Amino acid sequence: MHQIICPHWHKAFKIDEAGYADILTQVRDGDFERQLHERLELAEREKQGAIALAEANVTNALQKTAAAKDAEIQALKAQLDAGEVARKLAVTEAVGTVSKERDQLANELEQTRNSSQAGGQRNDAATGRYRGRERGRGCGCPRAR
């Protein structure tokens, strides 16, 4: 027989082996259930923490990937803009060169026309003198009269 002291009344009482085993089993079962419940809660908290950490890692990785893609897009846009500026500059330079050549050729043509007109007037004057001789007027010198 076992002697047990009541925690509430603080009195000792005697119990036989079967009763003692029943009480011990109840205490152990209750204690086991409490410990099991605590461990399950702890495991659930650890699982939630691991999930939150994994989500944070995935979010961080996605943000890094998005930032890298944005940087690549900005670099490509900058290249496109630089190419566009270079193309416009090349077109402007080509147009300027062609305009200069056109102006130079126009000036040369104008000079050639002016020279032709002046030469034509001289030719007309020379032709007129020659024609005058044919008519008997002569060139205006004393011998021809």
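Take GLN26 and tell me if it is modelled with pLDDT of 95 or more and either in contact with a Pro (Cβ under 8 Å, 6 or more places away or on another chain) or polar (S, T, N, Q) (or both). When the stated conditions are applied, GLN26 does not pass them.
Do we find that GLN26 is assigned to a helix (DSSP H, G or I), surrounded by 10 or more Cβ atoms within 10 Å (Cβ to Cβ) and within 29 Å of the chain's Cα centre (by Cα) in this structure? First the steps, then the outcome.
Values: assigned to a helix (DSSP H, G or I): yes; surrounded by 10 or more Cβ atoms within 10 Å (Cβ to Cβ): yes; within 29 Å of the chain's Cα centre (by Cα): no.
Spelling it out, it is not the case that GLN26 is assigned to a helix (DSSP H, G or I), surrounded by 10 or more Cβ atoms within 10 Å (Cβ to Cβ) and within 29 Å of the chain's Cα centre (by Cα).
The values are calculated or read from the model by the stated rules, or taken from the named source; none is laboratory data. Just so it is clear, the model here is predicted, and its values are computed rather than measured. Quick reminder, even Gly has a Cβ in these numbers, built from the backbone with ideal geometry, and neighbours come from all protein chains shown.
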